[in-house]
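*Asks:* Sharing a structure with you now.
The values are calculated or read from the model by the stated rules, or taken from the named source; none is laboratory data. Remember, predicted model here, so these are calculated numbers, not experimental data. FYI the Cβ positions are ideal-geometry reconstructions off the backbone, even for glycines, and counts take in every protein chain you see. Remember, those area values only see protein heavy atoms, side chains included, never the ligands or the DNA or RNA. Shrake-Rupley method; radii C 1.70, N 1.55, O 1.52, S 1.80 Å.
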Amino acid sequence: MPSIQLTHCAPTTARLPTCCRWVNRVANFDNILAATLTLFQISTTELWVDTMYDSVAAVDIDQQPRSGHNPALAVFFVVFMIFGCFFVLQLFIATALEQFAKMHQEKGRNVLLTAQQEEWLTIQRMISDTNLRPRPVPLSRSRWRVAVFRCVTSSTFELLVMAAIISNVLLMALTHADMSQAWQHFMSYANVAFTAFFTVEAAAKLVALGWKQYVEDAWCRFDLVVVLVSVAGVCVDLATPQNLEVLPLLRVLRLVRVFRLIPKAEGLRNLLQTLLASLPALGNIGSVLLLFFFIYAIVGMNLFGGVKHGHFLDR
């Protein structure tokens with residue numbers, strides 16, 4: 001997989017002229033050591049596609065590479081990526097997990113957590129299993145507020161809100177380059193309609209629950225922040241025809257409304273709880289990784305910190 005340094009060569013020349021010289025690429029298969037280093041680089045997914053294209057373009061010794069000369073060689077790299085990268089990585093992870101499971105059985109606790117972290121995790125699981133979320137109650141006995149309360153706490157209303165959230169996200173996904181003027185107007189009007197719907201929803205819940213019960217619910221506070229951001233975005237969008245830098249940010253923040261589906265979707269809720277439960281262990285593993293980085297940074301600084309910029313190091 002050579003590259004060529006040219007002084008003056010005709011582009012149609014198939015064999016290397018005397019005015020040119022071959023310069024090998026860093027990733028090559030000239031000998032067993034170079035091939036091993038190249039495969040190690042590929043196994044890290046670093047520039048493996050470029051190395052594959054260089055191999056496919058190789059013609060013969062001292063001959064000009066041609067793009068796509070031997071496409072069958074790409075199979076070699078794809079198979080190596082599957083078995084030499086992904087498959088081996090899965091085996092390594094499986095072996096590590098098996099060893100951790102053995103240590104867990106021997107010690108009777110999670111070896112990745114300290115005693116305090118495991119106690120905190122146990123308490124969090126107990127709280128999650130008991131589901132101590134307070135049940136909302138009507139703020140007053142007036143008929144219209146009780147009617148609003150029953151409406152906003154009904155399963156039909158929750159399904160309607162979930163459908164509106166999904167529709168809003170799907171509509172935002174239809175944004176693309178070179179949109180027609182009519183489509184841009186439709187997107188703007190739809191954005192106003194969705195913002196008005198979610199504003200009415202937040203106002204109805206605020207009326208039904210009252211300020212105290214409303215702010216005590218974490219999802220209601222989250223919804224209120226998103227609604228305020230959406231209203232601000234619509235106001236700025238309608239107030240000025242210019243595309244301000246803050247407008248894309250305000251539009252993107254509306255996407256976080258999809259997180260409101262978590263309490264209603266059991267699978268998403270379980271995944272979120274699993275992620276939160278794994279944070280202490282991930283913090284411990286990250287600390288060990290940071291320690292390795294720190295050690296190698298000191299070693300690298302002492303080995304290469306005094307290398308001077310010059311003839312052999314010019315970039």
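*Asks:* Which one of the conditions (1) part of a helix (DSSP H, G or I); (2) free of Cβ contacts under 8 Å to residues at least 24 places away in the same chain does Met179 fail to meet, given that it meets all the rest?
*Replies:* (1)
*Asks:* Tell me the residue from Arg260, Arg221 that is at pLDDT 85 or above, basic (Lys, Arg), part of a helix (DSSP H, G or I) and closer than 17 Å to Thr153 by Cα, please.
*Replies:* Arg221
*Asks:* Something else now. Kindly indicate the residue of the range 92-147 that is of a type in the set (Asp, Glu) and within 29 Å of Pro263 (Cβ to Cβ) and also modelled with the lowest pLDDT among those meeting that condition.
*Replies:* The first filter runs over the range 92-147 and keeps only residues of a type in the set (Asp, Glu), leaving 98, 106, 118-119, 129.
Adding the requirement that they be within 29 Å of Pro263 (Cβ to Cβ) leaves 118-119, 129.
Working: Glu118: 74, Glu119: 76, Asp129: 65.
Taking the candidates together, the pick is Asp129.
*Asks:* Assuming Tyr53 fulfils every condition listed in (1) open to solvent by less than 90 Å² (accessible area, probe 1.4 Å); (2) of a type in the set (Ser, Thr, Tyr); (3) part of a helix (DSSP H, G or I) apart from one, which condition is it?
*Replies:* Condition (1) is where Tyr53 drops out.
*Asks:* Looking at the range 7-48, which of its residues are more than 24 Å from Gln64 (Cβ to Cβ) and either at pLDDT below 60 or surrounded by 11 or more Cβ atoms within 10 Å (Cβ to Cβ) (or both)?
*Replies:* First, pick out the residues of the range 7-48 that are more than 24 Å from Gln64 (Cβ to Cβ): 32-33, 36-37, 39-46.
Across the range 7-48, the qualifying residues are Thr36, Leu37, Leu39, Phe40, Gln41, Ile42, Ser43, Thr45, Glu46.
*Asks:* So which residues in the range 138-176 are basic (Lys, Arg) and in contact (Cβ under 8 Å) with a residue 12 or more places away in the chain, if there are any at all?
*Replies:* Of everything in the range 138-176, just one residue is basic (Lys, Arg) and in contact (Cβ under 8 Å) with a residue 12 or more places away in the chain, namely Arg145.
*Asks:* Something else now. Quick one: which of Tyr214, Tyr189 is assigned to a helix (DSSP H, G or I), open to solvent by 80 Å² or more (accessible area, probe 1.4 Å) and among the hydroxyl-bearing types (Ser, Thr, Tyr)? Talk me through it step by step, then tell me what you get.
*Replies:* Working: Tyr214 fails: open to solvent by 80 Å² or more (accessible area, probe 1.4 Å).
Tyr189 is the lone residue from the list that is assigned to a helix (DSSP H, G or I), open to solvent by 80 Å² or more (accessible area, probe 1.4 Å) and among the hydroxyl-bearing types (Ser, Thr, Tyr).
*Asks:* Criterion first (in a helix (DSSP H, G or I), open to solvent by less than 90 Å² (accessible area, probe 1.4 Å) and in contact with a Pro (Cβ under 8 Å, 6 or more places away or on another chain)) does Phe149 satisfy it? Before you say what the answer is, go through the steps one by one.
*Replies:* On the way: in a helix (DSSP H, G or I): yes; open to solvent by less than 90 Å² (accessible area, probe 1.4 Å): yes; in contact with a Pro (Cβ under 8 Å, 6 or more places away or on another chain): yes.
The answer is yes for Phe149.
*Asks:* Looking at the range 120-130, can you tell me whether even one residue there is of a type in the set (Lys, Arg), without any contact (Cβ under 8 Å) to a residue 24 or more places away in the chain and open to solvent by 60 Å² or more (accessible area, probe 1.4 Å)?
*Replies:* No, the conditions are met nowhere in the range 120-130.
*Asks:* Another question, then. Do you know which residues across the range 251-299 are under 20 Å from Met172 (Cβ atoms), open to solvent by 50 Å² or more (accessible area, probe 1.4 Å) and either without any contact (Cβ under 8 Å) to a residue 24 or more places away in the chain or of a type in the set (S, T, N, Q) (or both)?
*Replies:* Passing the criteria: Val252, Leu268.
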